[in-house]
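The values are calculated or read from the model by the stated rules, or taken from the named source; none is laboratory data. Keep in mind it's a predicted model, so treat the numbers as computed, not measured. Ideal geometry is used to build each Cβ from the backbone, glycine not excepted, and the neighbour counts take in all protein chains shown. Note: accessible area is taken over every heavy atom of the protein model, side chains too, but ligands, DNA and RNA are not part of it. Shrake-Rupley method; radii C 1.70, N 1.55, O 1.52, S 1.80 Å.
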Amino acid sequence: MKVNIKYLSLALLIFCTVGAHAQKQVTVAFWNVENLYDTKNDSTIDDEEFLPEAKNQWTEERYKTKLARLTEIISGMGEKGPDFLGVAEIENRKVLTDLAASLEPVTGPYQIVHYNSPDRRGIDVGFFYKPEFYTVVSSHNFPIHMPDDTAFRTRDILMVRVIKKAAKKDKAKAKQKTAKGKMSADVAAARFGQDTITFFVCHWPSRRGGEKESEPKRVFVANEVRKQADKLLAVNPDSKIIIMGDLNDEPNNISVTQSLKAVSSPDSLAPGRFFDIMGPLKAQGQGSYYFKGEFNMIDNIILSDGLLKSGPGLKYVTNSSAIYKTEKSQEASGKYAGSPLRTYVGPNYKGGYSDHFPVYFRMK
C-alpha cells in the first residue's frame with residue numbers, strides 16, 4: 001500500500017496540535033505581595049508609612065522596582081504567567097492596574113476583579129484572570145462583621161465565578177437555552193462545554209497578639225467562607241470551588257480542619273470535605289512564610305472534590321501543588337538564607353519581592 005508522506009505528515013501535525021491543546025495545563029496561583037502601595041496619600045486609610053516623604057521613603061522609583069520584581073516572578077509561573085492569580089496586601093485598584101500593565105508585555109493581558117475592603121491599613125485582596133480564555137460570570141465581596149467586636153476591621157472575602165470560554169457555536173446554543181428559560185446560565189455553560197469555577201480569595205486576620213488569642217477571629221472568617229461554599233454545594237454537590245489565600249493559619253489548624261472541613265490528603269476525602277493541597281508540602285517541612293527560624297505554610301489553596309473526581313472539565317493535576325521561588329527571590333546568605341527576599345526589613349530597604357513565596361497548582 002502506498003502512503004502519501006505529505007498527507008501523513010499533515011495528519012500527524014494536526015493530531016499533535018489538537019492533542020497538545022487538549023492537554024494544556026492551567027496554572028492557578030496565590031501570592032501575598034507584601035504592602036503593594038502606590039505613592040499617593042489616601043486620607044481614608046493608614047498609608048502614611050508608604051509615601052515618598054515617610055521614613056520608608058516609598059518613592060516612585062521604589063514602587064516601579066517593586067512592580068518589576070513582582071512581574072518577574074508572576075510571569076515565571078505557568079505558560080506566560082498563571083491563568084488565575086489571587087493576590088493579597090494590595091492598596092487599591094490602581095496598583096492592580098499598574099501591575100497588569102507591567103505584566104502585559106510578557107504574559108499578555110489580564111483582567112482584574114477588586115473591591116475596597118474596610119481594613120484600617122487599606123490593604124485588600126484582588127484577582128487576575130486571562131480574558132482570552134475565561135469570562136467572569138459574577139463577583140461579590142463579603143464583609144466580615146464580628147458580632148462580639150463591632151470595631152474590628154479586616155479584609156473582605158472576594159468571590160469570583162469564572163467560566164472557560166466555549167466555542168462560538170456552543171455559546172449560541174447556551175444563550176438560546178438560557179433565553180428560553182430552559183436552564184440556568186451555569187447549567188447551560190456546563191452543558192455546552194464551558195466550565196464554571198468559583199474562587200474565594202482570602203486574607204484572614206493576623207496572629208498579632210498571639211496565635212491562640214487571635215485564633216477565634218480566623219475561625220469566624222473560615223466559617224463565613226464555608227457558609228458561602230455550602231450554598232454552592234447545596235445547588236450542585238460537584239461544584240468546582242477553589243479557596244485561596246493568606247489564611248495566617250496552617251493546614252493543621254482548626255480554622256482549616258474544622259471550619260473549612262479540609263483534609264491534607266485526597267485519600268481522606270469524604271462528601272462535603274475539601275482538600276488542602278498545601279498540606280502534603282507542609283508535611284514535608286516546606287512553607288511559604290519564614291518566621292522565627294522556621295517555615296510556616298500560611299498560604300493555602302483548598303479544593304472541593306468536584307475538582308478531583310472524574311468527570312468533564314478542568315481537574316486538579318495530582319501532586320502539582322508547589323511553592324514558587326527562584327534563586328533571586330531568596331535571601332542568599334546569612335541566618336535567613338533561603339527565606340523570601342523582602343522589600344523592607346524593618347526600616348531598611350532591601351529592594352526585594354515579598355515576605356511570602358507564592359503558591360500554585362495546575363489543572364488540565
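Observations, loosely collected:
- Filtering the stretch 255-310 to residues that are open to solvent by less than 10 Å² (accessible area, probe 1.4 Å) and farther than 21 Å from Phe200 by Cβ leaves only Gly287.
- Among the candidates Gly76, Gly86, residue that is open to solvent by less than 50 Å² (accessible area, probe 1.4 Å), more than 21 Å from Cys202 (Cα to Cα) and under 16 Å from the mean Cα position of the chain (by Cα): Gly76
- Any chance Asn300 is assigned to a strand (DSSP E or B), of a type outside the set (A, V, I, L, M, F, W, C) and at pLDDT 95 or above: yes
- Pick from the stretch 202-234, criterion free of Cβ contacts under 8 Å to residues at least 12 places away in the same chain and over 23 Å from His356 (Cβ atoms), ranking: least open to solvent (accessible area, probe 1.4 Å): Asp230
- Residues that are small (Gly, Ala, Ser) and farther than 16 Å from Tyr115 by Cβ, drawn from the stretch 137-151: Ala151
- Per-region count, the stretch 18-40, residues within 30 Å of Tyr63 (Cα to Cα) and either at pLDDT below 95 or among the small types (Gly, Ala, Ser) (or both): 1
- Single match in Asp249, Asp238, Asp267 (criterion: touching a residue at least 40 places away in the same chain (Cβ under 8 Å) and over 17 Å from the mean Cα position of the chain (by Cα)): Asp238
- Residue identified as charged (D, E, K, R), under 18 Å from Ile157 (Cα atoms) and not in a strand (DSSP E or B) among Arg120, Arg69: Arg120
- Selection count where residues are open to solvent by 50 Å² or more (accessible area, probe 1.4 Å) and either basic (Lys, Arg) or assigned to a strand (DSSP E or B) (or both), scope the stretch 124-134: 0
- Residues in the stretch 337-348 that are free of Cβ contacts under 8 Å to residues at least 24 places away in the same chain and loosely packed, with under 11 Cβ neighbours inside 10 Å: Ala337, Gly346, Asn348.
- Test: residue in the stretch 264-278 that is under 21 Å from Val28 (Cβ atoms) and aromatic (Phe, Trp, Tyr): yes
- For Arg121, the conditions (1) at pLDDT below 95; (2) charged (D, E, K, R); (3) exposed (fewer than 15 other Cβ atoms within 10 Å of the Cβ) all hold with the exception of (3).
- Members of the stretch 48-74 that are among the charged types (D, E, K, R) and over 22 Å from Gly86 (Cβ atoms): Glu48, Glu49, Glu53, Lys55, Glu60, Glu61, Arg62, Lys64
- Within the stretch 223-264, tally of residues that are out of contact with any Pro (no Cβ under 9 Å at 6 or more places or on another chain), of a type in the set (Val, Ile, Thr) and not in a strand (DSSP E or B): 4
- For Ala332, the test of being more than 20 Å from Ile298 (Cα to Cα), in a loop (DSSP other than H, G, I, E, B) and among the hydrophobic types (A, V, I, L, M, F, W, C) is passed.
- Yes/no for Ala68 being at pLDDT 95 or above, surrounded by fewer than 14 Cβ atoms within 10 Å (Cβ to Cβ) and not basic (Lys, Arg): yes
- For Glu89, the requirement of being on the phi > 0 side of the Ramachandran plot and either modelled with pLDDT under 95 or not β-branched (Val, Ile, Thr) (or both) is met.
- Taken over the stretch 134-152, residues that are more than 30 Å from Glu49 (Cβ to Cβ) and under 17 Å from the mean Cα position of the chain (by Cα) amount to 5.
- Test result for Pro280, part of a loop (DSSP other than H, G, I, E, B) and farther than 19 Å from Ser354 by Cβ: no
- Residues satisfying the stated conditions in the stretch 284-336, i.e. in contact (Cβ under 8 Å) with a residue 24 or more places away in the chain and among the acidic types (Asp, Glu): Asp299, Asp305
- Boolean, Ile144 is surrounded by 13 or more Cβ atoms within 10 Å (Cβ to Cβ), part of a loop (DSSP other than H, G, I, E, B) and at pLDDT 90 or above: yes
- When we screen Glu91, Glu104 for residues that are of a type in the set (Asp, Glu) and under 13 Å from Tyr37 (Cβ atoms), the only hit is Glu91.
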